[in-house]
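Beneath this line is the structure, given in structure tokens, with notes to follow.
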Amino acid sequence: MSTVAPGFWRRLAAMLYEGVVLFGVISVAGFLYSSLTQQRHALDGRAGLQAVLFVILGLYFVWFWSRGGQTVAMKTWHLRLVDAHGAPVTQRRAVARYLSSWLWFLPGLGLGALAGWHSGTALSLAALAWGLAYATLSHVLPGRQTPHDLLCGTRLIVSKPASKR
């Protein structure tokens, strides 16, 4: 098995593709939530919807990471999640990685809110700026891994499919 860390562009491509896949997951979950709770306005029950989506996303990632180490997007871009020793990731480690992966977004949003920014554009730019700074850390950290991978004892590797011969 390869132990090569993926480059920036491969990670970015996988993240963008994951976003496309998750758009469908979120849409179905949001539709079911709004139907089951008789939600009539997008802001009614917003906290409940956010909590449900947080759990749904967690189930999605933990399921795929602990059962083969790859989501749909990760398979497409030949990425695999393993523990620090190259072994498959346990459910506990996958949950820890899911929770700590929010470091990609929450600090930027929090800093924007602390600065008093309330517009969606300003908060999105704060999250984007933080995300770029966070991604840059993978170039200086050991094994070219992200902080949440180092924190959880996981790593992302390039995983070429086995030859069909």
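The values are calculated or read from the model by the stated rules, or taken from the named source; none is laboratory data. Here the structure is a predicted model, which means the values were calculated and not measured. In case anyone asks, the SASA skips ligands and DNA or RNA and just uses the protein heavy atoms, side chains included. Shrake-Rupley method; radii C 1.70, N 1.55, O 1.52, S 1.80 Å.
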For the chain, longest principal axis from Cα atoms; helix 91-100 axis from its Cα atoms; angle between them, nearest 10 degrees, is 60 degrees
At a probe radius of 1.4 Å, what is the per-residue accessible area of Leu43, in Å² to the nearest 10? 110 Å²
Expressed to two decimals, the chain has a Cα Rg over Rh, using the Kirkwood radius, of 1.00
Mean residue ellipticity at 222 nm from the helices of the chain, using -39,500 (n - 2.57) per DSSP H segment of n ≥ 4 over the full residue count, to the nearest 500 deg cm²/dmol? -19000 deg cm²/dmol
